[in-house]
Amino acid sequence: MATALAYPVSRYRADVPPDLAARDERERLSGPGLKTFFRIMTRWGVRDEDARALLGGVSNGPFYELKRSGARVLDADRLTRVSYIVGIYKALRILHSDAIADQWVRLPNRNPIFGGRTPLDYMMRGGLPAMQTVRRLLDARRAG
């Protein structure tokens, strides 16, 4: 019978991810997440129509309700989208000056991933997988 191997001792401790299936956890994260999302959209100069697409195609009424009050519990998909946007924002702030970081998503990009389009267009068209790709690209650049 094989014995279980022990994990090597290290100082790294992975945080337990939030349980997005639990309503109380989504409720706790939704308000601050939305507030941050809308602040980032303002900093990046993203039109409301494009912000709606980044959130997964929210229609006008619910979008403006979210923007005005933020008092709605988001589903796991939308919270994940918000999380990617926050991570992308943070990575851009680490990699670039504030001015470039705020413009980066709206600038045409020659990286083969984007094919000359803007990262914003890439993320709007590709949804969650595209957001994850952009996040990973920027995180890889940060790690250098």
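Tabulated values for the structure
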| read-out | value |
| --- | --- |
| With every protein chain in place, region 14-137: carbon and sulfur % of accessible area (1.4 Å) | 51 |
| Selection from Ile85, Ser97, Val134 lying farthest towards where the dipole of the chain points positive, charges on Cβ | Ser97 |
| Residue-normalised accessible area of region 68-144, expressed per residue, 1.4 Å probe, Å² | 55 |
| Alpha-carbon spread of the chain, three principal axes, descending order, Å | 60, 40, 26 |
| Charge dipole (debye, nearest 20) of region 9-68; +1 at Cβ of Lys and Arg, -1 at Cβ of Asp and Glu | 260 |
| Nearest-20 debye value, the chain charge dipole, Cβ charges on Lys, Arg, Asp, Glu | 360 |
| Spread of Cα-to-Cα distances over 5 Å intervals beginning at zero, given as percent, for region 42-81 | 6, 22, 32, 30, 9, 0 |
| DSSP H segments from the chain that extend 15 Å or more along their own axis, Cα-based, with Kyte-Doolittle mean of 0.0 or above | 76-95 |
| Whole-Å distance, taken between Cα centres, linking region 70-113 and region 34-59 | 10 |
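The values are calculated or read from the model by the stated rules, or taken from the named source; none is laboratory data. Just so we're clear, the structure is a prediction, and the values are computed from it rather than from any experiment. No Cβ is skipped: glycine too gets one built from the backbone with ideal geometry, and neighbour counts run over all protein chains shown. With ligands, DNA and RNA removed, areas are computed over all heavy atoms of the protein, side chains included. Shrake-Rupley method; radii C 1.70, N 1.55, O 1.52, S 1.80 Å.
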